[in-house]
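Laboratory data are not the source of any read-out in this text; all were calculated from the coordinates shown. Please read all numbers here as calculations on a predicted model, not as lab measurements. Neighbour counts are summed over all protein chains in view; Cβ atoms, including those assigned to glycine, are modelled from backbone coordinates with ideal geometry.
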Amino acid sequence: DGRVKDKVAVITGAGSGIGRAAALKLAQHGAKIVLVDLINERSEKVEEAINEMGGEAIFADTDVSDPARVEQAMKKAAERFGGIDILFANAGVNGTLAPIEHLKPEDWDQTLGINLKGTFLSVKYALPHMTARGGSIIITSSINGSRKFTGFGMSAYSSSKAGQIAFAKMAALELAHHRIRVNAICPGAIETNIGQNTNRTPEVDEIAIPIEYPQGNQPLEHGPGHPNQVADLVLFLASEESSHISGTAIYIDGVESLL
Ligand code: NAD
């Protein structure tokens, strides 16, 4: 069925993991897709996969922390497809994991620059192409930034993820009069390639203590969730089925954050 038929969806971090799964899902449901990511072998293949299944997709090679590149990507989307209806601001990295006294100011800037400023830039530069049409913005935060503050050395990551929720709520308020909805999603552990963008310092491993769950409590599934499960939530928030939902942060973690 075409739950987002003929809608134009811009997806950042679309080359892998959650972004890739959402791109394929939205394309299956009729959306035209603009894939925003750093170009590499993996990200290029997503464009091919969508075009092969009869969908429409273009790729915009973009570092989301670079204002000029993000502005250019959104213009490219609008020029090709006439505007933007859906923005999935999802690109993110774990960055450098280090205890605060070892975390370098430049490491902090890098994580916040991609995860939080990248979200702001994506929304800011998508808006000129969205306000006349209304639409839906979905921002990938995390349980690590809302409800579960574990994972030693993740102060920068968690701060960026908490900031994304605050930003989503402010944007939801500001943009309601344009009929643009804004929601954050908070995944627990999901099986993706995010480990490849993680720089674990030795100090983290020295101090980290393995997590033990209180007896009787267990997650819905053993092991991480699948990107496709997150993509189903993104499709719901992108479609008109969620027309009265804005300014929320939705957990998708199989009770992980309650353990
Ligand atoms: P992933 O590494 O598989 O995919 C992330 C994509 O973002 C990659 O294709 C990468 O190239 C891209 N990216 C990284 N830096 C970029 C930049 N500067 N500009 C443009 N693109 C960039 O990881 P994922 O798990 O799918 O991550 C997606 C989002 O989900 C992130 O925001 C992450 O914080 C969030 N998240 C992931 C998990 C998890 O367990 N995997 C849990 C909670 C939240």
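Summary of values
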| read-out | value |
| --- | --- |
| Residue order, fewest to most surrounding Cβ atoms within 10 angstrom, among THR192, THR62 | THR192, THR62 |
| Sorted by Cβ neighbour density within 10 Å, fewest at the top, the residues ILE18, ILE252 | ILE252, ILE18 |
| Residues LEU121, LEU87, LEU24, LEU173, sorted so that the one with the fewest Cβ neighbours within 10 Å comes first | LEU173, LEU24, LEU121, LEU87 |
| Amide hydrogen neighbours beyond the local backbone of ALA91, cut-off 5 Å, H modeled | THR12, GLY13 |
| Other-chain or far-sequence residues with amide H under 5 Å of ILE190's (modelled H) | GLY225 |
| Over 22 Å between alpha carbons, listed pairs LYS76/LYS124; LYS5/LYS169; LYS124/LYS161; LYS104/LYS161; LYS124/LYS148; LYS5/LYS25 | LYS5/LYS169; LYS124/LYS148 |
| Radius 9 Å from Cβ of ALA57, net charge of other residues (Lys, Arg +1; Asp, Glu -1) | -2 |
| Where trypsin sites (Lys or Arg not before Pro) fall in DSSP loop in region 159-259, at most 14 other Cβ within 10 Å | ARG179 |
| Sequence-distant residues sharing a close amide H with ALA60 (under 5 Å, placed H) | LEU35, VAL36, ASP37 |
| Alpha-carbon centroids, region 161-237 and region 1-50: separation in whole Å | 19 Å |
| Theoretical ellipticity at 222 nm over the chain - DSSP helices of four or more residues, -39500 (n - 2.57) apiece, nearest 500 | -11500 deg cm²/dmol |
